[in-house]
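Inspection log for the structure reproduced underneath, given as structure tokens.
The values are calculated or read from the model by the stated rules, or taken from the named source; none is laboratory data. A quick note: this is a predicted structure, and the numbers were derived from the prediction, not measured. FYI the Cβ positions are ideal-geometry reconstructions off the backbone, even for glycines, and counts take in every protein chain you see.
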Amino acid sequence: MGCVASKGVFVQSSQKELPDYVSPDDIRLVQESWLLVQSDMDNVGLIIFKRFFDLNKDLKRLFFTKLRGDSMNIDTIETADFNDEKLKMHGRIVMEALGAAVECLHDSDQLTVLLIGIGERHMMYGVKAEMVPRLWPAIVTTLEEQLGENFDNKTGKAWERVFHYIGSKVMQGISAWRPKK
Ligand code: HEM
């Protein structure tokens with residue numbers, strides 16, 4: 001996806017920035033381990049989102065229109081499974097955004113604007129700021145499984161700090177969004 005920023009977002013300079021969250025060593029560890037999962041992004045995205053919806057059945061309604069299978073009904077959504085192909089496509093979109101964030105970790109200004117833009121759009125999808133950290137358990141357990149011994153304690157902590165930064169900026173975008181006049 002590359003370092004692409006959305007337009008028209010005012011970035012407040014008083015907010016905490018990337019170097020406040022992560023060290024250069026964290027950035028190196030996350031970028032190196034990202035390279036290992038990148039080739040299997042579809043599969044990784046699918047596992048993350050299946051796990052996310054298993055752990056957060058209350059959030060499935062938000063995705064109903066986009067991810068339902070032909071037989072899925074809103075009344076049974078908490079127990080039914082989403083369509084795998086659609087889930088995979090959606091997983092890929094979110095993984096590409098995460099990948100863009102990981103690739104842009106050296107360019108914190110661009111990245112902040114990109115993430116705040118994602119947050120603003122999430123406000124329109126009905127996502128609330130407090131839902132964002134709920135993605136982390138599904139991400140960390142999947143990375144652990146996929147990377148095995150390449151996901152040691154140091155790498156795990158580096159990912160946690162990077163996700164904290166990414167999540168905080170997405171949440172900032174959700175909270176800052178106001179309807180355009
Ligand atoms: C770090 C956290 C997250 C990132 C980077 C992320 C990224 C994305 C991206 C790139 C899209 C594609 C559309 C767009 O760019 O606007 C998307 C769509 C969406 N996301 Fe997220 N997301 C995050 C967290 C969440 C959470 C926690 C929820 C809900 C609980 C959520 C719900 C949605 C929904 C409902 C859509 C729209 C689906 C559709 O109709 O296409 N996202 N997300």
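Every residue in the stretch 55-78 that is free of Cβ contacts under 8 Å to residues at least 24 places away in the same chain and within 20 Å of M131 (Cα to Cα), please.
K57, D58, K60, R61, F64, T65, L67, I77, E78
For a quick check of your reading of the model, give me the residue pairs whose first member lies in the stretch 114-132 and is in a helix (DSSP H, G or I), whose second is among the hydroxyl-bearing types (S, T, Y), with beta-carbon atoms closer than 7 Å and at least 6 apart or on different chains.
Listed by first residue and then by second, the contacts come to L114/S6; G117/S6; A129/S175.
Looking for something β-branched (V, I, T) and either within 12 Å of the ligand (Cβ to nearest atom) or in contact with a Ser or Thr (Cβ under 9 Å, 6 or more places away or on another chain) (or both) - is there at least one such residue anywhere in the stretch 76-92?
no
So which residues in the stretch 104-129 are more than 9 Å from the ligand (Cβ to nearest atom) and either buried (at least 21 other Cβ atoms within 10 Å of the Cβ) or modelled with pLDDT of 90 or more (or both), if there are any at all?
Result: C104, L105, L111, T112, V113, L114, I116, M123, A129.
Quick check: anything in the stretch 164-179 aromatic (F, W, Y), under 20 Å from Y21 (Cβ atoms) and in contact with an Asp or Glu (Cβ under 6 Å, 6 or more places away or on another chain)?
No, the stretch 164-179 has no match at all.
Considering only residues of the stretch 130-151 that are more than 9 Å from the ligand (Cβ to nearest atom) and buried (at least 19 other Cβ atoms within 10 Å of the Cβ), which is farthest from the chain's Cα centre (by Cα)?
F151
Those residues that are within 24 Å of M41 (Cβ to Cβ), part of a helix (DSSP H, G or I) and modelled with pLDDT of 90 or more, I need them from the stretch 52-83; list them, please.
F52, F53, D54, L55, L59, K60, L62, F63
Restricting attention to the stretch 53-66, and to residues there that are surrounded by 17 or more Cβ atoms within 10 Å (Cβ to Cβ) and more than 8 Å from the ligand (Cβ to nearest atom), which single residue is farthest from K88 (Cα to Cα)?
K60
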